[in-house]
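Take a look at the structure below.
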Amino acid sequence: MNETFKIGLITKPHGIKGEMRVTPLTDDPARFKRLKKVIIKDRIYGVCGARVAPDAVYLSLTGITDRNAAEILRGEFLLVSRDDAVPLEENSYFIADIIGCKIVTEKGEYLGEVREVTSAKTDYFTAVSADGKILRFPFLKDMLIKVDIAAKTITVKEKRFKEICVYEN
């Protein structure tokens, strides 16, 4: 399992005092207000302040005191450790834990491996089958039987999966 999670992308400096504009990569942008520390390029930074706007988060970090220092971090991801991650609700999963899961039917038939998750109102999964075909499908409750993160396996109802899955070459 991943021990860190991407929660934001630094898009540009904001102002002259080192504040940065961040695109949140989390369901809850307000979580930035509760952050104590983040990891950027394997370095830990303390969080001095965070403001949540409708389209972005504005973040101030320890040691980043001017626009030039903030500019160096443009394009970098903000990460948090698993210990600092927001606790999940029941039947919710971290995308990082879903990536790499095998998709199997209730009969044990291997369908593919999750390679990407696109977050939307309903998350969309991209998987690759054993023969190299691309599979795309929404993560629907009526298709799902079980998610076992420890075993890296997602068990689905075969009939429903085949109704909603789009196959690409």
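Just a few scattered comments:
- Subset of segment 35-46 [within 13 Å of Gly8 (Cβ to Cβ), open to solvent by less than 30 Å² (accessible area, probe 1.4 Å) and not in a loop (DSSP other than H, G, I, E, B)]: Val38, Ile40, Tyr45
- Boolean, Glu90 is surrounded by fewer than 14 Cβ atoms within 10 Å (Cβ to Cβ), closer than 30 Å to Ile39 by Cβ and either of a type in the set (Val, Ile, Thr) or free of Cβ contacts under 8 Å to residues at least 40 places away in the same chain (or both): yes
- Scanning segment 53-89 for residues that are assigned to a loop (DSSP other than H, G, I, E, B), over 17 Å from the mean Cα position of the chain (by Cα) and of a type outside the set (Gly, Ala, Ser) turns up Pro54, Asp55, Thr62, Ile64, Thr65, Asp66, Leu73, Arg74.
- Annotation note: Cβ proximity below 8 Å between a residue of segment 142-154 that is outside any loop (DSSP other than H, G, I, E, B) and a residue that is loosely packed, with under 11 Cβ neighbours inside 10 Å (sequence gap 6+ or interchain) occurs for Val147/Asn91.
- Taken over segment 8-34, the criterion of being out of contact with any helix residue (DSSP H, G or I) (no Cβ under 7 Å at 6 or more places or on another chain) and open to solvent by less than 30 Å² (accessible area, probe 1.4 Å) is satisfied by Gly8, Ile10, Val22, Arg31, Phe32.
This table checks each residue for (1) at pLDDT below 90; (2) touching a Phe, Trp or Tyr at 6+ places or on another chain (Cβ under 7 Å).
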{"site": "Arg43", "(1), (2)": "no, no"}
{"site": "Ala56", "(1), (2)": "no, no"}
{"site": "Asn91", "(1), (2)": "yes, no"}
{"site": "Ala96", "(1), (2)": "yes, yes"}
{"site": "Arg115", "(1), (2)": "no, no"}
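The values are calculated or read from the model by the stated rules, or taken from the named source; none is laboratory data. No experiment lies behind these values; they were computed from the predicted model shown. Neighbour counts are summed over all protein chains in view; Cβ atoms, including those assigned to glycine, are modelled from backbone coordinates with ideal geometry. Accessible surface is based on the protein model in full, side chains and every heavy atom, while ligands, DNA and RNA are left aside. Shrake-Rupley method; radii C 1.70, N 1.55, O 1.52, S 1.80 Å.
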